[in-house]
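The values are calculated or read from the model by the stated rules, or taken from the named source; none is laboratory data. In this text, all values refer to a predicted model and were calculated from it rather than measured experimentally. Reconstructed Cβ throughout: ideal geometry from the backbone, glycine too, with neighbour counts over all protein chains shown.
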Amino acid sequence: MVLGWISDFLHLLYPEVCLGCQIPLVDGEYLLCTACRGQLPVALPLDHQDNKVKDLFFARVPIQCASSLLYYEKIGVVQSLIHQLKYQNQEQISNFLGKWMASALRDEAVYSDIDLVVPVPVHPKRLRQRGYNQVNGFGRELAQGLGARFRESVLSKTRNTTKQAKLGQTERSDETQSPYQLMEQLPSGTHVLLVDDVITTGTTLSLCAKELHRNPDIKVSIATMAVSI
Ligand SMILES: [Zn+2]
């Protein structure tokens, strides 16, 4: 009870503000105000016939299904959310987006047989700096919503590629030297949902999916918080 009063008092002194526009949130709002949430460019539901996210993997790696929750723009609320998630310790954004996406995918038949949710791994050095893998909350919520398991130890990032990632398109031609490594064998028939924050060229996810496919006879699908295409 006392803790409740303290928390109410602190809330009065330091009201939580919207991560999009910084105005104080009102009762019933979480992380974003109603106006900012209403303006988010939602990418779902995806047309399964003309799926631009899935098309990124064409002729690169077999992908069962792929979808993104939001459209990523260079300025705007989505950019701000991803930036705060990655660089300002706002880890709860990951769970917020995961819960939202899980509720959207739950009714999609193509995602009904997901067994395992696997996040794109972060290099140990980056993990120490940030303190968390920014996709884990997203993955955990998706696993819970889809009745699947979550396991972050399936893939690992053995090489730090921060500088290479900035090369963009040129990195695409260098898919032979993967910084990712499969760490665990998966049972035949497993349907893996590979998750990441923003998909741009698809190189990272493509490399991770290739590692997962070292397991014979598994299916790989993809879900990301946002898509920048
Ligand atoms: Zn707002």
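Key figures
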read-out	value
Residues (free of Cβ contacts under 8 Å to residues at least 60 places away in the same chain and surrounded by fewer than 18 Cβ atoms within 10 Å (Cβ to Cβ)) located in segment 201-214	Arg214
Criterion violated by Asp107 - all others in (1) surrounded by 14 or more Cβ atoms within 10 Å (Cβ to Cβ); (2) modelled with pLDDT under 95; (3) not in a helix (DSSP H, G or I) satisfied	(1)
Among the residues listed as Glu16, Glu29, the single one being farther than 30 Å from Leu116 by Cα, within 16 Å of the ligand (Cβ to nearest atom), modelled with pLDDT under 90 and of a type in the set (Asp, Glu)	Glu16
First in segment 23-46 and within 13 Å of Gly76 (Cβ to Cβ), second anywhere and more than 15 Å from the ligand (Cβ to nearest atom) and in a loop (DSSP other than H, G, I, E, B), Cβ under 8 Å, 6 or more apart	Pro41/Glu73
Residue match in segment 47-57 (condition: under 17 Å from Phe150 (Cβ atoms), out of contact with any His (no Cβ under 9 Å at 6 or more places or on another chain) and not in a helix (DSSP H, G or I))	no
Odd one out for Gly98 among (1) within 19 Å of Gly202 (Cα to Cα); (2) modelled with pLDDT of 95 or more	(1)
Single residue of Ser94, Ser80, Ser67 found to be within 27 Å of Gln181 (Cα to Cα), touching a residue at least 40 places away in the same chain (Cβ under 8 Å), assigned to a helix (DSSP H, G or I) and not charged (D, E, K, R)	Ser94
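Yes/no per residue for (1) at pLDDT below 95; (2) assigned by TED's automatic domain parsing to the domain that holds Lys74; (3) among the hydroxyl-bearing types (Ser, Thr, Tyr):
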position: Glu152; (1), (2), (3): no, yes, no
position: Asp174; (1), (2), (3): yes, yes, no
position: Ser178; (1), (2), (3): yes, yes, yes
position: Ser188; (1), (2), (3): no, yes, yes
position: Val195; (1), (2), (3): no, yes, no
position: Val198; (1), (2), (3): no, yes, no
position: Ser206; (1), (2), (3): no, yes, yes
position: Leu212; (1), (2), (3): no, yes, no
position: Val220; (1), (2), (3): no, yes, no
